[in-house]
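Before any comments, here is the structure.
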Amino acid sequence: MAGLFYDDTPNGLLQFLFVTILLGGAGAIASGRAIAAGWKAFTIVPFYMVVLAAVVRFLHYALFGADLLSVPAYVLALVILLLAAGYGYRSKRVSQMTTQYSWIYAKSGPLGWTQKGA
């Protein structure tokens, strides 16, 4: 996997974890939560994540000299960011639904809600 998804250098995996997982993932979670906070549909999340994945690839290129146009690395970053944004979106939507409509819905786990009395 080294070389295909991240640089085949001594610190390649650490760079991938820091930039893609930590920085990109935090940005994706925040973006997902912000989109949900505006009561927007989930369908716009992928468009934001396409841009954020390009930013993550640029950070790898600018900070560590990685290949800017690596398609496998971009796709992996995009998948990771989509998962993180989906988590942020859904967790915020659960909070919204159970707070805004507390007489109808109850929280059922971190990513779900159920109808009360059903």
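Laboratory data are not the source of any read-out in this text; all were calculated from the coordinates shown. Everything numeric in this text was worked out from a predicted model, so none of it was measured.
With springs only between Cα atoms under 10 Å apart, run a GNM on the chain and tell me which of 22, 63, 52 wobbles the most. Per the Cα network of the chain with a 10 Å cutoff, 63 tops the list.
With the gyration tensor restricted to C-alpha atoms of the chain, the semi-axes of the equivalent ellipsoid amount to 35, 13, 10 Å, longest first.
Eigen-decomposition of the gyration tensor built on the alpha-carbon atoms of the range 65-111 gives equivalent ellipsoid semi-axes of 36, 8, 6 angstrom, largest listed first. Mean residue ellipticity, 222 nm, helices only, the chain: the sum of -39500 (n - 2.57) across DSSP H runs of n ≥ 4, divided by residue count and rounded to 500, is -19500 deg cm²/dmol. Note on the chain: with a GNM built from Cα contacts shorter than 10 Å, the maximum mean-square fluctuation among 43, 99, 20 falls on 43.
Residue by residue, the range 69-79 carries 3J(HN,Hα) couplings of 9, 7, 5, x, 5, 5, 5, 4, 4, 4, 5 Hz when phi is fed to the Karplus relation 6.51 cos²θ - 1.76 cosθ + 1.60 (θ = phi - 60°); x denotes Gly or Pro. Against the chain, whose longest principal axis is taken from its Cα atoms, helix 25-37 shows a tilt of about 30°.
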